[in-house]
1. Pulled fully out, how much extra length does the chain show between residue 577 and residue 156, if you take 0.36 nm times their separation in residues and subtract their Cα-Cα distance?
2. Quick check: Cα centre of segment 197-265 to Cα centre of segment 1-65, how many Å?
3. What's the FRET efficiency of residue 498 with residue 46 using the Cβ-Cβ distance as r and R₀ = 60 Å, to the nearest 0.05?
4. Along Cα→Cβ, 7 Å out, is where each label goes; now give me the distance between the ones at residue 587 and residue 185 in nm to one decimal.
5. So for segment 189-430, what percent of the C-alpha to C-alpha distances run longer than 34 Å?
6. May I ask you to sort 495, 215 by Cβ crowding, counting other Cβ atoms within 10 Å and putting the fewest first?
7. Give the calculated FRET efficiency between residue 130 and residue 390 to the nearest 0.05, with a Förster radius of 41 Å applied to their Cβ-Cβ distance.
8. What translational D, rounded to a whole number of µm²/s, comes out for segment 2-174 from Stokes-Einstein when the hydrodynamic radius is the Kirkwood one over Cα pairs, at 10 °C and 1.306 mPa s?
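Every number in this text was worked out from the coordinates using simple rules, so none of it is lab data. Computed from a predicted model, the values in this text were never measured in an experiment. When we count neighbours, we look across all protein chains shown, and the Cβ atoms used for this are built from the backbone with ideal geometry, even at glycine.
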C-alpha cells in the first residue's frame with residue numbers, strides 16, 4: 001500500500017507540470033536527508049517557515065543548521081524507513097516572459113508517510129500565486145487513502161483540492177511498479193526550457209508568417225524548435241563531457257529531412273550540416289542560400305557511410321530509421337582515427353524493418369504494443385552495432401515522442417572488425433523469412449491519402465450507411481420534430497457497417513481511415529471524442545460565411561454582400577436530398593443549395 005502511494009507521489013514530485021499547466025517542470029537545487037524525528041507534517045512546515053524569502057545560498061546554510069546532511073543522489077524508490085529527504089527545487093515557468101522561476105521546499109517523511117511542500121518566495125501578487133500553490137500543504141497516506149492537507153486551512157489551497165488531490169488519488173488507484181522514461185532527462189530541464197523559449201521567440205513568428213505547406217504550421221514549427229533546442233543542449237553537454245574546444249560545433253546530416261526546418265534552425269544556431277530527402281518541399285525555396293538541402297534518393301546498404309558528419313539525425317525517417325545505427329557504425333569505421341566515431345539521434349515514428357513494414361509477430365510481443373516492440377527493435381539495432389543507446393522522451397506536440405541517442409567510444413581495429421561481423425550477421429538474419437530483401441525507397445511523388453481520391457461511389461455509400469445507423473439510434477421524436485439522430489462510437493460504427501460495406505479496407509489504407517472521410521463531410525457530420533453524429537443545419541449570416549473563407553480574395557468579395565441571399569451557394573444540401581425529414585431550414589436561410 002505504501003509503495004503504491006510513493007509511486008503515485010513520484011509523479012507529482014517529479015512531474016508537477018502534468019497538472020499545473022503553468023509549469024514546464026522542476027529542477028533540483030540541493031538535496032538533504034536526516035532521521036525522521038518530526039511528530040506531524042505541520043511541525044515540518046513550522047520548522048522551515050524561516051526559509052521563506054532567503055536566497056539559495058542562505059537556504060543551504062539554514063538547512064545545515066537544522067541537522068540536515070547533504071545527499072546528492074536519492075530517489076523515492078530507494079528510501080529507508082524512518083528517514084526524511086528534503087529538496088529545494090526551482091519551479092520552472094512555461095511562459096518565462098510572464099512568470100519568474102520560484103523556489104519550493106519539498107520534504108518527504110517516510111515514517112509519517114507524507115510529502116510536505118512549502119513555497120519559499122515571499123508572496124508577490126501576480127507571481128508566486130500564479131505559478132505554484134501559495135500556501136504550505138502536504139499529501140499524506142491515511143489508512144488506505146490519500147489526503148491533501150492545507151496548512152492552517154488556508155483558503156488559497158482550493159486549487160489543490162480541486163485539481164491535485166483527484167489526480168493523486170487516480171494515480172494511486174492505477175499505479176503499479178512500472179516506471180516510464182521521464183521526459184527530457186538527458187539534458188538539463190531548466191536549460192532546455194530557457195533555450196526553447198528563446199528559440200521560439202526568435203523563429204516561430206517569422207516562419208509561421210511565410211509557411212507555404214498544407215500542414216499545420218503551429219505543430220510542425222514548435223516541434224522542430226523543441227527538437228533543435230534538445231539537440232543543441234545534447235551537443236553542448238557532449239563538448240563539456242569530452243572537453244572539446246569551446247569553439248567547436250558538431251556537424252550533422254538530417255536523413256529524410258522533410259520540410260528542412262530542423263536543418264534551418266540548427267544551421268542558424270551555428271551548427272554546420274545538411275538535410276537530404278527524396279523530394280523538395282515548398283518551403284525549401286524560402287530558406288537562405290547557406291541552408292544545405294539536397295534532393296537525394298538514399299538506398300542504404302552495408303556500404304553506406306557519411307565521413308564528414310559527426311551526427312546522423314533521423315527525425316521521423318520512417319523506412320530509413322533502422323538503418324541509422326548501421327550507417328553510423330559504418331561511418332565510424334571509415335572515419336579518420338583523429339575524428340570521434342559517428343554518433344546518431346533517431347525519433348522513430350512509422351514502424352519499418354530493414355526490408356519493409358515492421359512485422360510484430362517476428363518478435364516476442366504478446367504483452368506489449370506494436371509501437372513499444374518497434375522501439376525495442378530500433379534500440380537493439382544500435383546496441384548490436386556497439387552503441388550505448390539512451391532513451392528519452394521529447395516534449396513535442398506528437399504521440400510519438402520517444403527518441404534514442406547512440407554514442408560510441410573509439411575502438412581498436414580488431415574491435416571495429418568484430419562489430420562489423422555482428423552487424424553483418426544481424427542484417428543477414430533479418431532476411432530470413434522475408435520475400436523481398438531489397439530496400440524499397442518511398443516514391444518521390446507524394447501520395448495523397450486523405451480520402452479525397454477514393455471513388456465517389458465508395459464515399460457516398462459509406463456516408464449513407466453512417467446516416468442510416470445514426471437515424472436508427474436517435475431518440476424517439478415527437479410528431480413534426482426533425483430527426484437529429486443519435487451518436488455512435490467510431491469503433492462501433494466499423495462493426496455495424498462491416499457486413500454491408502465491402503470496401504472498408506479501401507478506407508483503412510487512407511490516412512485517418514473512416515474518421516478522415518467523415519471529417520471531409522463536415523457539412524453532414526461532427527466527429528468528436530471518437531464519436532460521430534449529425535451536424536444540425538443552422539442559418540448562416542454573411543459575416544459567419546465570410547469568416548469561414550480562407551482565401552483573402554473571397555473574403556474581400558463577401559464584404560460587399562449585403563444579405564445572406566447575396567451569398568453564392570455552390571454545394572448541394574445533403575439533408576434536403578437524403579434525410580427522411582428533409583432539411584429543417586428554408587431555401588433562403590440554408591447555406592447550401594436546395
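1. Full-extension gain reported as 145.8 nm.
2. 35 Å
3. 0.35
4. Computed distance between label sites residue 587 and residue 185 equals 6.8 nm.
5. When all Cα pairs of segment 189-430 are counted, 14 percent exceed 34 Å.
6. 495, 215
7. The computed FRET efficiency comes out at 0.70.
8. Diffusion coefficient, whole number: 98 µm²/s.
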